[in-house]
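> Quick one: the structure is below, questions incoming.
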Amino acid sequence: MKVPILKSFMTVDRNSWEFDNGSDPTGELGGANFGKQQGSGIPSRSQGSRIASAVLSPAVELWLRSQVQQVSELSVKIEGSDRQIFSGAIPKVTATARGAIYQGLHLTSIAIEGAGIRVNLGQVIKGQPLRLLESFPVFGVLRLIQADLNASLKAPLLANALSDFLLPILPLGDREQPLILQNSQIVINAGLLTLSAVILRPEGTQIPFVLRTGLRMLRGHELMLENPEIEFSQSSTKHIVDSFKIDFGPEVEIEELILNTGEIVCRGGIRVLP
């Protein structure tokens with residue numbers, strides 16, 4: 001499934017998305033605040049939708065589980081009246097997950113909200129798989145703790161980006177050989193990432209190094225390594241290198257990226273395509 005993002009379609013109040021302050025380094029979160037209204041004792045009609053609870057919620061949860069390699073906890077809530085949902089229209093879906101692995105990326109916690117969703121409900125009722133009929137906007141909050149970021153270093157997305165950055169600046173004679181890293185370890189500090197690793201060359205040579213860099217988002221889909229410096233064990237000299245951009249493609253729209261001690265939090269929107 002493709003997941004291009006069109007920021008102009010974002011309709012979710014992104015200021016209402018907050019992880020509880022009770023999070024700890026193990027990745028346990030109190031949940032996400034989806035901007036619930038306070039003081040209203042009037043239940044919405046959508047809360048009583050029998051179709052949502054009996055048919056769609058399990059189908060959506062099954063579909064979400066099929067999109068990831070693994071997930072520890074997954075919760076799905078669908079809002080809408082029976083009349084809306086019976087027509088195949090879902091006004092809003094909220095989902096939270098912990099311990100998800102997507103394409104090798106270990107996602108500590110994620111909370112998403114999608115709106116204006118149309119699905120093949122008639123076929124779902126007959127036992128067919130859930131299928132999207134139209135694209136729809138999603139906004140989400142993602143949290144990565146340090147341990148999960150380290151577990152993600154071998155994911156193709158991170159491994160390829162790291163290789164593209166390191167190869168031009170490393171003291172290597174043959175830059176056509178694949179870059180093999182061992183003992184890779186990232187430390188997350190406020191506003192700073194530190195990567196220590198050992199490059200293993202085909203002939204057996206080992207090149208230990210330490211990379212320190214800040215991170216900053218550019219135009220929503222470009223991540224910039226800001227003021228990176230790299231130090232090799234053979235020399236105590238720190239090499240200041242040009243800032244490096246990682247382009248996630250026009251389908252990505254990250255609006256905020258925060259480096260706290262031991263964790264990264266990012267917020268952004270997507271538009272999911274069928």
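> Assuming 0.890 mPa s and 25 °C, estimate D for the range 93-169 with Stokes-Einstein, Rh taken as the Kirkwood radius over Cα pairs, in µm²/s.
161 µm²/s
> Against the globular-protein guess of 2.2 N^0.38 Å, express the Cα radius of gyration of the range 67-195 as a ratio, rounded to two decimals.
Ratio of Cα Rg to 2.2 N^0.38 Å: 1.47.
> Taking all protein chains together and a probe of 1.4 Å, list 209, 86 from the most accessible to the least accessible.
Accessible-area ranking of 209, 86, largest first: 86, 209.
> If you don't mind, another one. Averaged across orientations, what area in nm² does the convex hull of the alpha carbons in the range 133-274 project?
9.7 nm²
> Still on this structure, please answer the following. Taking 0.36 nm per residue of sequence separation and subtracting the Cα-Cα distance, how much length would be gained by fully extending the chain between residue 132 and residue 86, in nm to one decimal?
Separation in residues times 0.36 nm, less the Cα-Cα distance, equals 15.1 nm.
> If I model a spin label as a point 7 Å beyond the Cα along the Cα-Cβ vector, how far apart are those points for residue 203 and residue 164 in nm?
It is 2.9 nm.
> Heads up, I need the accessible area for residue 238: 1.4 angstrom probe, whole protein in place, Å², nearest 10.
It works out to around 110 Å².
> Fully extended, how many nm does the chain gain between residue 256 and residue 238 (0.36 nm per residue separation, minus their Cα-Cα distance)?
Going from the current span to full extension adds 3.5 nm.
The values are calculated or read from the model by the stated rules, or taken from the named source; none is laboratory data. If you're wondering where the values come from, they're calculated on a predicted model, not measured in any experiment. Note: ideal-geometry Cβ built from the backbone for every residue, glycine included; neighbour counts use all protein chains shown. What goes into the accessible areas is simple: the full protein's heavy atoms, side chains included, and nothing from ligands, DNA or RNA. Shrake-Rupley method; radii C 1.70, N 1.55, O 1.52, S 1.80 Å.
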